[in-house]
Structures are given as C-alpha cells and as structure tokens.
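Just so it is clear, none of the values below were taken in a lab; they were calculated from the coordinates. These figures come from a predicted structure and were not determined experimentally. When we count neighbours, we look across all protein chains shown, and the Cβ atoms used for this are built from the backbone with ideal geometry, even at glycine.
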Amino acid sequence: MQIGASAIAAGAAAKVTLLEPSTLLAATTQAEAGNTIHFASIGTGVRGCELLKASLRVPGVECVAVSDLWEGRLTAAQETLKKPVATSRNYKEVLDRKDVDAVIVACTDHQHRRVVVDALSAGKDVYCEKPLSHTVDDGFAMVAAAQKYNRIMQVGSQRVSSILYEKAREIYASGALGDVCCIQAYWDRNSPSGAWVYPIPPGVNEQNLDWTAFLNGAPSIPFDPVRFFRWRCFTDYGEGLGGDLFVHLISGIMFISGTSGVASRAQSTGGLFRFKDGRQFPDLIETYYDYPNFRVDMRCNLNNDGGEFIGFYGDKGTMIIKGSTLTFSPQNTQPEPEAYSVIGWPAELRKQYLADWEKDHPLPAPFVSKLTEQVETYVPPPGYSDTVDHEANFFSSVRSRKPCVENEVFGNNAAIGCHLANYSYFNKKAAVWDGAAKKITG
Ligand SMILES: NC(=O)c1ccc[n+]([C@@H]2O[C@H](COP(=O)([O-])OP(=O)(O)OC[C@H]3O[C@@H](n4cnc5c(N)ncnc54)[C@H](O)[C@@H]3O)[C@@H](O)[C@H]2O)c1
C-alpha cells in the first residue's frame, strides 16, 4: 500500500510506503495443515516472557512447560501465558518431557552452551536468544551440536525476520546503492534501564533462587542478586554492549548485505564514563570492523539517547534505517562540469572549458527536483513485531524441516563480531580473526 499523506504533510516530495507483513499469514496456512507444535521455554526472565507473549500470536504452537532458576520468573511466565503449565527449576526435567518438540532458550548468555547442547542432544529443535555464544569456543560447540544431532536451530536476532530489513536487503541487492564501502551503525541509550541498572525484586534469596545453578562453571562466589539480575555488566556471565546490542547491528548488516562471514579485524576504543557501579564493561564502545567488501564503524553509547541506526553509504545512494523507518536517497551521479578547481583559471579558459563541456554533455532535464522525488521511505504497519515474525519463522522451519532464517552458523558468526570488539577493547590492540584456527589473535 502506498501512502503519501505524512510526506505531503511534512512538505516533502518523498514517497512513504507502508510495508505489508506476510510471515504470519504464511504461518497460519501452514499451521492449519499440521499438528500443534508443543514447546518449552528455558529462561523466563524479561526476554523469555516477551517471547512467550509473542508466541501467543503465532498460530499452531503451544507452550507446555517452563524452566527458570528463580521462582518469581516461573510465576511471571504462567501469568504471561494466562494459564498454568509445568514448571521446574531444573531445565533437564523439561528436556526429558516427550511432549516437548522444541525449546526456546532465553537464559543468561553464559548458560547458552550447556542448555543448547543438552536440548539438541535430547532431540529438541532450538530457538536460542542472541548472542548465541558467551565465548568463541561456546559458539563452535553449539554449531557442532546442531549439526551432529541434525536439529533445526535458530538464533534470536529478530531483525533478520523484520519486513523493514527484508526491504533494505532488497534495495541493497538491487544495486541501487552502487558500491557500498562504508557502513555506520550505532545504538545509543541514556537511562539507567538502558544501562541494565535493573531493580532487584524484594524477597529474592537462596531458597527461591538457585544461585549454584546460575554460576554454571563461573567462579564460585556468595549469593549476589546484583550479579543475577544485572548479569550483562559482568564478564563471567555477559559481554556488555557487544553481546547486548552490537550483535543486533551486526546481524542486521550481515542480513542486509548478504554477508555470511566474520570480520577479519576489529579495533575498539571506549571507556566507562558514568555507570561506575562495579561493572566490568564500558558504557561507551566504538569499533571499526574490516569486512571484505566494506568497513563498518559501530558504536554503543549509554550516555546519550541517539536510538538505533544503520546507514549504508554507496556511490549511487544512501540507505538509512533509523528506529523503524527505512529511507533510500539516491546520490547525484549526473555528470557535471567542474566548478571548483576552475575558479583559479583565467576567465577565458574557464569559458572555453564550459563551452566544450556543454558540447560533450547535452544537458538533461533539471536533476535536483528529480532526486528529491526519488527518495523512498518505508515503515512497518502499527503493531508490527519482528519478534513475532522471527518466532513464526522458527516454528515454520520446525514444521517443514526446511532451513531457518538465522541458523547456528549465521548466529555464531554474528556473535564472534561482539567477541572481536571486546577482545580489542580489553587488550587495547586490534583483534584479528583466524578463521582456520577458529580463534581471535591480536
Ligand atoms: N532478541 C532480543 O531483542 C533480546 C532482548 C533481551 C534479551 N535477549 C537475550 O535473552 C537472554 C535472556 O535475557 P533477559 O534479558 O531475559 O535476562 P533475564 O536476567 O531477565 O533472564 C534470564 C533468566 O535466565 C534464567 N536462567 C539462567 N540459567 C538458567 C538455567 N540453567 N536454567 C533455567 N533458567 C536459567 C535466569 O534465572 C533468569 O531468570 C539473553 O541471552 C539476552 O541476550 C534478547
């Protein structure tokens, strides 16, 4: 559907297109033809509950069990589902259930490897939240397990299923941008919540929360609810801004540009300027990545509310995704007479140059207005959720056994991007990716 109202109201000539979602429609048709898929969720914190809520909009799927280490999360999960389901603090009990076809893994990053490998070996298909891995080794262990047990595995970077990103991918692939050698991306927030300073729920203790299971091989320390609820701030459990936000930007860039591999090199800088609350990660990180066909300049800053942005700068056009708006603007590639360097020529020579140029280049119709007319803007419809589409895509693959939109290899490569950024930041030197050795070297 084409609408021009907002553009006209803004006095611009740009065309605004409301994108049409299709994933859910396809999922409905598919679900009507098959049986209900029963799934369980392991990790029902903030994201786990968001995913459960989204699952209520996906046809032909039903959550039958949930697992989490804190009792409060088990209650929250059932409240989200608006019905009682089987619960356990021990995720292995959920994996033992024969009525569970697939699992959503939305636990803390340092637990992904153990839970995902156990789920795959129990014969379950897996949707694992981003970033796939806490370490490079963890990522390759999960890739190997998905392939060994031959299960459907999808990683949870929902931008990969977004209709906005699909349109961006189409524009990129059409060549309308020309050669793109420069990509810029940032995600900036300016609030305690944006910096993971989450409140600690009253009444949490070691009776209603399994602290030993949370540590999972991390150094053994006494119960610390701050570490449990703000785990992203600590290197034993999270990866800071790299694992939280860079991985979304990287997977979006990979998807849109059709890039499947890892950057060959990354160089980071940054620092901890404001949230000096004992955290081990910076609140500003900026990284330059070397990909074969382009360079990426990426930033996350917790000290200014800049929002989410990806810009692709080509020699024929610029494509910007800002929040949930996509804009394509062509560059002026019309031949033009040199206007600058001839300023220093004698008037007679300048006149001659212009006359010759005009003879060689009969002028087309005025171009400036045409360029403005060619600006295209795309937005998703109100209420659109890429998370719902990403889940619908996963369950479609579970049903059809066809490859999913973001498999373990893609998710692993995206996560390595965040490990490269952190390696460079902490070691104060460029991080080099050695693909053959599957290692970061400096
Ligand atoms: N795709 C997105 O936009 C998005 C958004 C937020 C979070 N995430 C990802 O989702 C995951 C969870 O993040 P969150 O914000 O919900 O964190 P959270 O702290 O709110 O929830 C994590 C939960 O995992 C549980 N858990 C940890 N180990 C477990 C185990 N062995 N068995 C069962 N439960 C276990 C914890 O008890 C906790 O309740 C992370 O990987 C995060 O990066 C993705």
Set Lys and Arg Cβ to +1 and Asp and Glu Cβ to -1, take the dipole of the chain about its Cα centre, and tell me which of HIS112, LEU81, ILE440 lies farthest positive. HIS112
Calculate for the chain the 222 nm mean residue ellipticity that helices alone would give, adding -39,500 (n - 2.57) per DSSP H run of length 4 or more and normalising by residue count, nearest 500 deg cm²/dmol. -10500 deg cm²/dmol
Once you place label points 7 Å from the Cα toward the Cβ at GLN352 and ASP305, how far apart are they in nm? 6.2
Helix 163-174 vs. the chain, principal-axis angle (Cα, 0 to 90°, nearest 10): 40
LEU249, LEU349, LEU74, LEU56 arranged by Cβ crowding within 10 Å, fewest neighbours leading: LEU349, LEU56, LEU74, LEU249
Might you report the magnitude of the Cβ-based charge dipole of the range 278-352 about its Cα centre, with Lys and Arg at +1 and Asp and Glu at -1, to the nearest 20 debye? 100
Sort VAL342, VAL94 so that the residue with the fewest other Cβ atoms within 10 Å of its own Cβ comes first and the one with the most comes last. VAL342, VAL94
As I understand it, the value is the acute angle between the Cα axis of helix 46-55 and the longest principal axis of the Cα atoms of the chain; what does it come to in degrees, rounded to 10? 80
Per the rule of 0.36 nm per residue minus the C-alpha distance, extending LYS359 to SER341 adds in nm 4.5 nm
In sequence order, calculated HN-Hα J values of the range 175-192 (Karplus, 6.51, -1.76, 1.60; Hz; x Gly/Pro): x, 4, 7, x, 7, 10, 10, 9, 10, 10, 9, 8, 8, 10, 9, 9, 7, x
Have a look at ASN332, PHE394, TYR423 and report the one farthest towards the positive end of the charge dipole of the range 331-442, computed about the Cα centre with Cβ charges (Lys/Arg +1, Asp/Glu -1). TYR423
The set of residues whose placed amide H lies less than 5 Å from the amide H of LYS438, leaving out same-chain residues fewer than 5 positions away, is none
Tell me which of TYR165, HIS361, GLY175 sits at the most positive position along the dipole axis of the chain, charges placed on C-beta atoms (Lys, Arg +1; Asp, Glu -1). TYR165
Unit charges on C-beta of K, R, D, E only; dipole of the chain, Debye: 540
Which pairs break 26 Å Cα to Cα here: LYS98/LYS439; LYS167/LYS438; LYS276/LYS322; LYS276/LYS439; LYS276/LYS429? LYS98/LYS439; LYS167/LYS438; LYS276/LYS322; LYS276/LYS439
What ranking do SER268, SER121, SER260, SER396 get, fewest neighbouring Cβ atoms within 10 angstrom at the top? SER260, SER121, SER396, SER268
Any idea what the dipole of the range 115-188 comes to, in debye rounded to 20, about its Cα centre with Lys/Arg Cβ at +1 and Asp/Glu Cβ at -1? 220
Using the Karplus equation 6.51 cos²θ - 1.76 cosθ + 1.60 (θ = phi - 60°), what ³J(HN,Hα) coupling, rounded to whole Hz, does each residue of the range 322-338 give in order, writing x for Gly and Pro? 10, x, 10, 10, 10, 10, 10, 10, x, 8, 7, 10, 5, x, 9, x, 4
